1. Segment 529-543 to segment 67-87: how many Å between their Cα centroids?
2. Given a cut-off of under 8 Å on Cα pairs at least six residues apart, what relative contact order in percent is computed for segment 490-544?
3. Using only the alpha-carbon atoms of segment 198-347, report the extent along each of the three principal axes, biggest first, to the nearest angstrom.
4. Note down the Stokes-Einstein diffusion coefficient of segment 397-483 in µm²/s, whole number, using a Kirkwood radius over alpha carbon pairs, 4 °C, and 1.567 mPa s.
5. Given that compact globular proteins tend to follow 2.2 N^0.38 Å, what is the ratio of the alpha-carbon Rg of segment 244-313 to that value?
6. Dividing the convex hull volume of the alpha carbon atoms of segment 129-259 by its residue count, what do you get in Å³ per residue?
7. Can you check how the C-alpha radius of gyration of the chain compares to 2.2 N^0.38 Å, as a plain ratio?
8. Let me know the Rg and Dmax you get for segment 66-127 when you use only its Cα atoms, in Å.
Ligand code: PHE
Ligand code: ZN
């Protein structure tokens, strides 16, 4: 038996969507047995195989497995019959059309630093199989279109592993000699291998119950480490609220007797929707007022809902292949956002989500990794768990719902699930269900899935006062992206209204319509490259309010500062009001960056800030969003060649001037908005804290004011983490001598709580102080920095490179060198995380020389590393192209 060695430095292969072929064999049943051991776990797998079509070899994926033996229908297979494939898989020729293949392999959870497959975290066993981790557990056709019924038996030491969990329902347990015990699990629902999970170890359960709409009892449990039981309440509440919401909104009920969640502090992503056994990053489960911020609480609600909603959109109906990833992710993000909007202030949730989309997805769509929501090719699928697949995918579903209406959308969901329950399907299947249920032709709309790049929507206007006729011309263009030089127009729904000079709504009567039923808001559909919309009967020149609620994920241009100022002050749509203020400020900042010299806070900008503060009482959460200046990276994204240092200087100067100008008002807000009683995690309380801390942050910029004194007092007062961290943020950005004591105090107090310690790292990594890069370099050597823990890597390296543009892009190039060194050290440990954090280095096309040249040189240095992972190879080589 010869095992061909894959050449580690050969160029990794590209997988193409068009090359999809159905599998040669189905696996209808899987019976797994695990004998758990830190370095020598033995996995026995019995696969019930059935050929799919004519005779063909069976190909099984495998990675980092040691094969012990194999048999077919109970007869041992001679080693010569097993062909080892490059990369670690197995091939077997001449199998019968139906048979049972049994293999035994040995794996080492302890050696698994990639956190894919079966690994150890804090002495406990966890698995992560999406996308291709199951092949690191046993030989298997590890692709989502192979769906099987699983039975799992786990055997382990009783003392160190009292808890033994897998998917589905419990099906027995017992004692074994030598202090060992076993448990058996049966999952009645066929599933792809990426949804397999096993959790074993010394964990404790926080329990609850849920009665489904048809009266089924479900036992709920969240498994955490002893001592964390008191931090699971918010996650449990969020779970029950999600279960209820899916019943009420979609009629979808949970389908097992138990729903288990296990929390783990070493995890590559946020959480994972394994059937009946979700595994979560502790970041999205654990929360106490004194350890978690309001943002953390909101993240928990969203992610718990997201994973729960996957039970139907992802698990019961899954993906045929990984190019269809947005079929489950875009749809499920849409569902979790819709849910979160319903749980809190919908408008503020919406604009926060838009802010995130523009911070992460728009740059991706404009960069070297730009890809359609349904990609056409990949080298490493883990690189395609992106803002495009998730967030833009969600926007596409949202637009579809807006186009066909909520009732037709609900019928479409019903049809989709009825047609495809227990199937692995494609995005076309989803669109077809929506089309059939609505009777709307969605073939053009489907371009949104196929075309990369953010469409640019440009508006021009013409008003004829004599006839009262107003022509709104909308033009669209999508810039070229790698591999897609020519773009077609996409259907863009533009929710809109028209405002009079006083800010009131004007009637919307399109040419040829009846005056009597002119609405105040309507949705224009721009389907061509350019279209004119002619409105009649207007008493005065209107100002257009466009993309209300962010009705399409596009970039809007063409409105002047006067229009933006009017919309910011008066538009009835909170999204457009916020957005117009942001666009106004962005244009002003860009002008200051271009002009150089001392930035001046103009009256227009001051008026927008004042209007934001006027809403302090009616809607503090909105006021906080509207008072904030656009981020440095958002401003940079609007420039063909960015100037990170100049942008930083302009923004800091404007914040200082806002602090001076509004000092009394900000101080008054900081006094008045203090929490009246104990910490509460409801929308109004969150909004109040957000505005109060925004006020403190800007106030502390004013020289000679009492902002820093307030921050010191707020830090010393302790209390909830939102306020403590906001105060520490202010100090860490300042020259205040108290900042070092406060940082030391925070570290001493929280050194044993990894999630809080992550905040300590991030706070320093994202500081606006000019010595931040040196601090970050020292922190990478701190005993609490651990390159094997993804949360810690993200907290320091990720936060610095992606969240501190002015320092990362320091002219010396030291920031680039630091990131490259971290990526080189991380790649052999955890390639997935390495490939993720490298992204900011690939943005060199938007930097001026000599920065761009240094960035390229650092990318080349990474690329030259022998044995580089294919994921980092893909990001870096595409980043250099
Ligand atoms: N499928 C997970 C989610 O979106 C994300 C994930 C992907 C987690 C890959 C782990 C690994 O909820
Ligand atoms: Zn998901």
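All of the numbers you see were taken from the coordinates with simple rules; none came from a lab. What you see is a predicted model, and the numbers here were worked out from it, not measured in a lab. Here the Cβ is made from the backbone with ideal geometry for all residues, glycine too, and neighbour counts use every protein chain on show.
1. Each part's Cα centre sits 73 Å from the other's.
2. Working: 85 pairs, mean separation 26.6, N = 55.
Once divided by the residue count of segment 490-544, the mean separation gives 48 percent.
3. Cα extents, longest axis first: 39, 36, 35 Å.
4. Numbers: Rh = 15.7 Å.
Diffusion coefficient, whole number: 82 µm²/s.
5. Working: Rg = 12.8 Å, N = 70, 2.2 N^0.38 = 11.1 Å.
Ratio of Rg to 2.2 N^0.38 Å for segment 244-313: 1.16.
6. On the way: hull volume 17.5 nm³, N = 131.
Each residue corresponds to 133 Å³ of Cα convex hull volume.
7. My calculation over the Cα atoms of the chain gives 0.97.
8. Using the Cα atoms of segment 66-127, the pair Rg, Dmax is 15.0, 45 Å.
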